[in-house]
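Just so it is clear, none of the values below were taken in a lab; they were calculated from the coordinates. For clarity, every value in this text was computed on a predicted model and none was experimentally measured. So basically every Cβ, Gly included, is an ideal-geometry build from the backbone, and we count neighbours across all protein chains shown.
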Amino acid sequence: MRLAGYSYSYIASQTGLSKGTLSGWLARVPYTPNSETVRAIGKARAASGEKIAKKKLETFVVARQEAVEEIGAVSRRDLFMFGLGIYLGEGGKAQEQIRLVNSDPRVIRFAIAWFRSFGLDTKNFVIKLHLYPDSDVEKCIEYWGEVAGIPEQQFLKTQIDWRKGKKTYKLGKLPYGTAHLGIRCLGDKKFGVFFSRKILAWIEEMAKKVEMRV
């Protein structure tokens, strides 16, 4: 819809998503107001919106080019350290259970690839979804199943957040909810409590070395 020239306000009214969410998702989509948008908001505002959108797109292009040059080739160790960083921020640190929570499919997908690098298989993964009253449970399970590459049988009981007083239940902001990725050792002790402790030990050692350089 953005590519077709519709404003964030119009798209928000049709999808139920907030303009802030749409702005984050569609910032890199080229935008030229269509005739309907121009009539609705006026030529001056439409022209201003197009100018801002083009400037933002140009900034993304430059940032992308610089990022490609600065990142360069990625080594196996780079991926290992990146995974530790993600687990430090999003992983479970208590109860000696391996768990990682996020709503970004890229994080869940990378986490699974990271865990696989240690020898874990598809059967070792489980996901518990945290959803909201406006969520389509079956659609969310299908979505995260495709993201994670695991069958529906490995999804635990879905949790729906019915708490009242919570800011509009985050309606529309997390259309697929939050995925809680877990590991089950299936009798293999090296992927049980020991693996949880090993991950935390890696993170602790990494933190110490970083502190020494600061």
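Provide the FRET efficiency to the nearest 0.05 for the Arg64-Asp136 pair, computing r from the beta carbons and using R0 = 35 Å.
Working: r = 33 Å, r/R0 = 0.95.
The computed FRET efficiency comes out at 0.60.
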**OP:** Return the subset of Lys56/Lys173; Lys54/Lys139; Lys56/Lys93 for which the Cα-Cα distance in this structure is over 28 Å, preserving the input order.
**Re:** Lys54/Lys139; Lys56/Lys93
**OP:** Beta carbons within 10 angstrom, averaged per residue: use that to sort the peptides 101-111, 173-183, highest first.
**Re:** 173-183, 101-111
Subject >> Relative frequency of Cα-Cα separations exceeding 20 Å in segment 76-213, percent >> reply: 49 percent
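Starting from the Cα-Cα distance between Thr122 and Asp78, subtract it from 0.36 nm times their residue separation and give me the gain in nm to one decimal. Don't jump to the answer; show the numbers that get you there.
Numbers: separation 44, 0.36 × 44 = 15.84 nm, distance 2.34 nm.
Answer, rounded to one decimal: 13.5 nm.
How long is the gain from Gln154 to Ile52 if the chain were fully straight, where each residue apart is worth 0.36 nm and the alpha carbon distance is subtracted? Could the numbers behind the result be given before it?
Numbers: separation 102, 0.36 × 102 = 36.72 nm, distance 4.51 nm.
That works out to 32.2 nm of additional length.
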